[in-house]
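Please read the structure below before turning to the comments.
The values are calculated or read from the model by the stated rules, or taken from the named source; none is laboratory data. The structure displayed is predicted, hence computed values, not measured ones. We place every Cβ from the backbone using ideal geometry, glycine too, and count neighbours over all the protein chains shown.
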Amino acid sequence: MFTSTGSVFTLSTTLNELPLGQTAVICAIGGDGELRTRIQSMGLRVGRAVAVIRRSRFGGPLQVRIGTTDLLIRPQQALLVELEPLS
Amino acid sequence: MKRVALLGMPNTGKSTFFNRLTGAAAKVGNWPGVTVDLLSAKVLLGAEMVEIVDLPGIYNLHGFAEDERVARRFLEENAVDLLLVIVNATQLDRQLALVLQLQSLGLPILVLLNMGDEATRLGIQIDESHLSADLQIPVLTISAKHGHGFGPAKTKLTEMLRSAEPARKASMTEVFADDDALESRLDQLFERNVNVPLTSSERFSDRLDRILLHPWFGLPMFFLAMLGMFEAVYTLGAPLQDAVAWLLEVVKADAVTPAVIGWSPVLQSFLLDGLFDGVGTVLSFLPIIVLFFLFMAIVEDSGYLSRAAFLMDAFMSRLGLDGRAFVMQLMGFGCNVPALMGTRVMRSRGLRLLTMLIIPFSLCSARLQVFVFFTTAIFEPWAAPLVLFSLYVASFLAAFMTAVIYRHRLTHAEPLLLELPPYRFPTGAQMWLRGWREVTHFLREASGFILLGVVLVWFLTHYPFGIEPASAETLAGRMSALFAPIFEPIGIDNLMTIALIFGFVAKEIVLGAMAVIYGVGEGQLAGIVAGRTDWVQAYSFMLFVLIYTPCLSTVAVLKQESKSWKFTAFAVGWPLFLAWSVSFIFYQGARWLGL
Ligand SMILES: Nc1nc2c(ncn2[C@@H]2O[C@H](COP(=O)(O)OP(=O)(O)OP(=O)(O)O)[C@@H](O)[C@H]2O)c(=O)[nH]1
Ligand SMILES: [Mg+2]
């Protein structure tokens, strides 16, 4: 399993840090078995492009878009979605 | 009899298709997790009767929420002839994964790509026959909502059933196969058969979201919309209700009263003051209830519920809940029972129980009747909708306060991932179906335990026969004297106590009971109540009705879903205590201020 801190060469970010309106490609999904499966069946899979549409205030959830699916995801779970470094 | 199971991810239109195919009236809504229990209906396909089973949506076969368990258990325990898999055609990139998983169950499958209308609007092109060949499963595009492609789908289903082998149980053991292989298969399928154009212009839902999910105006707009809805229910509903009440008076005076002339006084009183006035008063609220549910149908089908979860999640998480709990509160406005069932989408017990604890504070349509009656009887027409709105605010406050108090006992660490579907609007047929559902539900209740309650109240207020009805010597009089020490401090007079006691069974009985107690129909009841209670008493009464146990059905579902008598007892006891305390503080406070 990849972790962003474990590698010296890639400084990958998580979905949490993705600026509004930018698109990035997912490179890894963390989390334990069931949560991971749930994240994937919502469409957040390795290789897919994802964008953050909006963030709610006071540390609330993010609205993200993968293809034609819009999702609400809490920051804690967005942390599990790792992205390839932005160019 | 052959059996077909409807499967698919949540919110793909399974229940919509089910309704179209079988003529049933399953609840439809633009929210993942509307169906949380099995529902089956029979339909004639070709020459044979077939049982169709509508199941809760599942994201995959590994889920452990209660609704997903229901679907999985059904597959494990029942032999099925065919799986009818409903897929959202606009989200094939992720939804085909479920089809691939289901394929390993070893049952015949028919895949329906639903929401064909939305796929067309988005310019999505699907090579149906090629996809079908790749999957080696028949695939058809339909629109369950509008009916496109329904004919061919039904024909195909009939044809497949005719040639199907004997029904089998699914072989669930193979499902936990390697997911990586499935993923590459999915990508390949999607790439080869589906073409999604790059979106150039902003979609309608995006534009609406910009307003409704606005960081500052989103929530105020929500509350304004709610206020607007109550204004509408009043302005449209009140005249309709008056018309029904008037009609009932005419029927009573011109048809029923002459018919019972000469009968014994007790029987006359039973039929006129008991049955007719009691049940009639309840029935006169039918137009308001239908109207209210039409609004609810629009709200629930709009897709706003998921947005409400988005807006409220940050706040709700501080109460130990999540955005979905707020959505359940909104659903509870219709009826608390489906809202309680709706908590099945939550996995952790702590979150589920805490949510179930606050749902009964949601001001349901039965309580709405009581409040519409009291606010119009006691308050000026301009103030009535505002007073009603204040009760909705009180309902939220009671729920939030309860959560704050008990969040440390019912803790959880449940993650939140939720679909935000596009905005939709129900068709005329869908609204009609919803209205019809509610009418039949209401009439069933009115002819069942409401009738029973009214009869009981009549007996209590008239026995022993021959003395002044509802006077101190009657059973009701003695009973309310017993409760007086509890209800006097909160300003509720003796006779109303009887209505409250029966309201424990169901809130619809409250007004029916009052009509019986005062021996008049709905038309004159308002005047009598206004003469006997001032606004402080009325508001204290309404606060009590709002907060204490909603009805026995709610209690039964609390038990069924929590599987714990202890929790159920607590979920009944706490609101009773809270209701009394709030009414006490309000009533004594207002009196102390000289109101
Ligand atoms: N545009 C469009 N909307 C549809 C179609 N079929 C269903 N819908 C809408 O999709 C939403 C979900 O429909 P349901 O039938 O409740 O979906 P479900 O699969 O039963 O959902 P769950 O019970 O939550 O799993 C509702 O708002 C429907 O009106 C369709 O063919 N086209
Ligand atoms: Mg359904």
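Values as computed for the structure displayed
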read-out: Positions within the range A:37-87 being out of contact with any Gly (no Cβ under 9 Å at 6 or more places or on another chain), in a loop (DSSP other than H, G, I, E, B) and more than 9 Å from chain B (Cβ to nearest Cβ), in sequence order; value: A:Glu84, A:Pro85, A:Leu86, A:Ser87
read-out: Residue within the range B:73-91 that is within 11 Å of ligand 2 (Cβ to nearest atom) and either free of Cβ contacts under 8 Å to residues at least 40 places away in the same chain or over 20 Å from B:Ala144 (Cβ atoms) (or both) present; value: no
read-out: Qualifying residue in the range B:304-319 (condition: surrounded by fewer than 23 Cβ atoms within 10 Å (Cβ to Cβ) and away from every other protein chain (no Cβ under 14 Å)); value: no
read-out: Evaluation of B:Ala429 against (1) touching a residue at least 60 places away in the same chain (Cβ under 8 Å); (2) assigned to a helix (DSSP H, G or I); (3) within 16 Å of ligand 1 (Cβ to nearest atom); (4) surrounded by fewer than 18 Cβ atoms within 10 Å (Cβ to Cβ) (one fails), failing number; value: (1)
read-out: Residue check for B:Leu7: surrounded by 19 or more Cβ atoms within 10 Å (Cβ to Cβ) and either of a type in the set (Gly, Ala, Ser) or more than 8 Å from ligand 2 (Cβ to nearest atom) (or both); value: yes
read-out: 1 or more residues within 14 Å of another protein chain (Cβ to nearest Cβ): qualifying helices (runs of 4 or more DSSP H) within the range B:89-144; value: B:92-103, B:116-121
read-out: Residue that is surrounded by fewer than 20 Cβ atoms within 10 Å (Cβ to Cβ) and in contact (Cβ under 8 Å) with a residue 40 or more places away in the chain, where the choices are B:Phe541, B:Phe584, B:Phe577, B:Phe502; value: B:Phe584
read-out: Which listed residue, of B:Thr235, B:Thr173, B:Thr199, B:Thr158, is modelled with pLDDT of 90 or more and either hydroxyl-bearing (Ser, Thr, Tyr) or assigned by TED's automatic domain parsing to the domain that holds B:Ala384 (or both); value: B:Thr158
read-out: A:Ala24 under 27 Å from B:Pro197 (Cα atoms) and within 14 Å of chain B (Cβ to nearest Cβ); value: no
read-out: Entirely in the range B:258-343, the helices (runs of 4 or more DSSP H) that have 1 or more residues that are in contact with a strand residue (DSSP E or B) (Cβ under 6 Å, 6 or more places away or on another chain) and either in contact (Cβ under 8 Å) with a residue 12 or more places away in the chain or not assigned by TED's automatic domain parsing to the domain that holds B:Leu247 (or both); value: B:304-318
read-out: Subset of the range B:10-65 (residues that are within 12 Å of ligand 2 (Cβ to nearest atom), buried (at least 22 other Cβ atoms within 10 Å of the Cβ) and either hydrophobic (A, V, I, L, M, F, W, C) or free of Cβ contacts under 8 Å to residues at least 60 places away in the same chain (or both)); value: B:Ser15, B:Phe17, B:Phe18, B:Val28, B:Trp31, B:Val34, B:Thr35, B:Val36, B:Asp54, B:Leu55, B:Gly57, B:Ile58
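Yes/no per residue for (1) free of Cβ contacts under 8 Å to residues at least 40 places away in the same chain; (2) out of contact with any Ser or Thr (no Cβ under 9 Å at 6 or more places or on another chain); (3) not acidic (Asp, Glu):
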| residue | (1), (2), (3) |
| --- | --- |
| B:Ala119 | yes, no, yes |
| B:Leu122 | no, no, yes |
| B:Ile142 | no, yes, yes |
| B:Thr158 | no, yes, yes |
| B:Arg168 | no, yes, yes |
